[in-house]
Amino acid sequence: MWKIDELKEVLRLCKKYNVILVSDEIHSDLVFKGHKHIPIASLIEDDFKNCITLVSPTKTFNIAGLSVSAVIISEAGLRAKFRSTLSKNGANMLNIFGLVAAEAAYSSCEKWLDELLVYLEENLNTLEEYFKENIPQIKVIRPEATYLAWLDCNGLKVPAGQLKDFFVNKAGVGLNDGFAFGKEGLGFQRLNFACPRTVLLEGLERIKKAVDGLSC
């Protein structure tokens, strides 16, 4: 999670260099206990207007197929430019099914979300404990929010460039290759733990079997 001083520094730099700030806060509802999401727009105190905030219920409520989201732009001129660009690209049509789903999610599903967060954190604890006890070569970088955990695989006897092949073809588990997010991600994999715990455990057991096979 971004801290207040970090967010303020981003705002300062964007203002200094006249940069339009686009803040993707689509995962902002999925925050674990002890942490808090701070909308960056809430920290704007001066005349900086080049801020665009993106939000959506699709990640939180698993309705990505309905293609619904919201863009928050307080400055009228920037908002007009954004709308014009959408119109020119034919992306200005509303999705009635998505709108109804978004309204239902935000107005009637708070209890469900509370239960989801508990389940996700239990999955995260399971994930972390399993690697510590059974696959210590892989380190879990515990997230403060979202259902995506980074795995530091630099302790494996697998070249970083071959990790994707190892997990897919040896372990039978599809993860996101860290290198796809930039060269700093080399040696890392991203795991989605938003699934039934039985599925998570099956995936972990497959990874363990593949890792154990490296020492044979």
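Check whether at least one residue in region 138-150 is touching a residue at least 60 places away in the same chain (Cβ under 8 Å), over 25 Å from residue 3 (Cα atoms) and either assigned to a strand (DSSP E or B) or within 21 Å of the chain's Cα centre (by Cα) (or both), and report yes or no. Within region 138-150, one or more residues are touching a residue at least 60 places away in the same chain (Cβ under 8 Å), over 25 Å from residue 3 (Cα atoms) and either assigned to a strand (DSSP E or B) or within 21 Å of the chain's Cα centre (by Cα) (or both).
Inside region 1-103, counting only strands (runs of 3 or more DSSP E) that do not spill past its ends, which hold 3 or more residues that are not β-branched (Val, Ile, Thr)?
Here the list reads 21-24.
Only one of 203, 213 is out of contact with any helix residue (DSSP H, G or I) (no Cβ under 6 Å at 6 or more places or on another chain) and modelled with pLDDT under 95; which? Being out of contact with any helix residue (DSSP H, G or I) (no Cβ under 6 Å at 6 or more places or on another chain) and modelled with pLDDT under 95 holds for just one of 203, 213, which is 213. Evaluate the following for residue 125: is it within 27 Å of residue 2 (Cβ to Cβ), outside any strand (DSSP E or B), without any contact (Cβ under 8 Å) to a residue 12 or more places away in the chain and of a type outside the set (A, V, I, L, M, F, W, C)? When the stated conditions are applied, residue 125 passes them. Look at residue 112 and say whether it is closer than 30 Å to residue 194 by Cα, of a type in the set (Phe, Trp, Tyr), free of Cβ contacts under 8 Å to residues at least 60 places away in the same chain and in a loop (DSSP other than H, G, I, E, B). So residue 112 fails the test. Answer yes or no as to whether residue 53 is modelled with pLDDT of 95 or more and over 23 Å from residue 85 (Cα atoms). Spelling it out, it is not the case that residue 53 is modelled with pLDDT of 95 or more and over 23 Å from residue 85 (Cα atoms).
Say whether the condition of being assigned to a loop (DSSP other than H, G, I, E, B) and either surrounded by fewer than 17 Cβ atoms within 10 Å (Cβ to Cβ) or under 21 Å from the mean Cα position of the chain (by Cα) (or both) is met by at least one residue in region 197-213. There is no residue in region 197-213 that is assigned to a loop (DSSP other than H, G, I, E, B) and either surrounded by fewer than 17 Cβ atoms within 10 Å (Cβ to Cβ) or under 21 Å from the mean Cα position of the chain (by Cα) (or both). Cβ separations smaller than 6 Å between residues 6+ apart or across chains give the following pairs from region 17-38 residues that are assigned by TED's automatic domain parsing to the domain that holds residue 49 and exposed (fewer than 15 other Cβ atoms within 10 Å of the Cβ) to residues that are outside any strand (DSSP E or B) and of a type in the set (D, E, K, R): 35/144.
The values are calculated or read from the model by the stated rules, or taken from the named source; none is laboratory data. Computed from a predicted model, the values in this text were never measured in an experiment. Note that each Cβ is placed from the backbone with ideal geometry, even for glycine, and that neighbours are counted across all protein chains shown.
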